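The values are calculated or read from the model by the stated rules, or taken from the named source; none is laboratory data. Just so it is clear, the structure is predicted and the values come from calculations on it, not from any experiment. With ideal geometry, Cβ positions are generated from the backbone for all residues, glycine too; neighbour counts draw on all protein chains shown.
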């Protein structure tokens, strides 16, 4: 059984391992390995302190996925959040991404965010379908070169008005 819970300081090291695993797949995140543990710890502790929504999926006490919304920088975008998420390969295609995202978006609405944006590679068709089902709309396309592995890294920017969900 996998449970979806708000992240706590006790989850940091397990989160870091999961983040690193997903990053090393080189298909889903904009970096190829997790930041150093101390930077990851600072990021999570700041999210907790500021009340930014961040949920984790736990299996046998270990983080197997996450979803968070952090604010864009600048006063004009203060109520606009950026969504980030990931799941370990063996936990994909089980509805966990949707559960994580739903919990995080509800918390983002409660925290006062009015819109959430995200970026996703065009080649990540499963994630794109998930975001579309949640109501995200395509906002922009940022062409990129295809990697030598044939994976389409054209960056799509998607957005969701949270008041449209309520």
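Would you please name the residue that is modelled with the lowest pLDDT, looking only at residues in region 116-148 that are in a strand (DSSP E or B) and crowded, with 18+ Cβ neighbours inside 10 Å?
Only one residue fits best here, namely 121.
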Exercise for the section: For region 149-156, indicate whether the set of residues that are outside any strand (DSSP E or B), touching a strand residue (DSSP E or B) at 6+ places or on another chain (Cβ under 9 Å), within 29 Å of residue 79 (Cβ to Cβ) and at pLDDT below 95 is non-empty. Expected result: yes
Handout entry: Lone unmet requirement of (1) out of contact with any strand residue (DSSP E or B) (no Cβ under 6 Å at 6 or more places or on another chain); (2) at pLDDT below 95; (3) buried (at least 16 other Cβ atoms within 10 Å of the Cβ) for residue 71
Key = (1)
Exercise for the section: Return the only residue of 160, 100, 105 being within 13 Å of the chain's Cα centre (by Cα) and farther than 24 Å from residue 26 by Cα. Expected result: 105
Practice task
For region 127-135, indicate whether the set of residues that are closer than 21 Å to residue 26 by Cα and out of contact with any helix residue (DSSP H, G or I) (no Cβ under 9 Å at 6 or more places or on another chain) is non-empty.
Solution key: yes
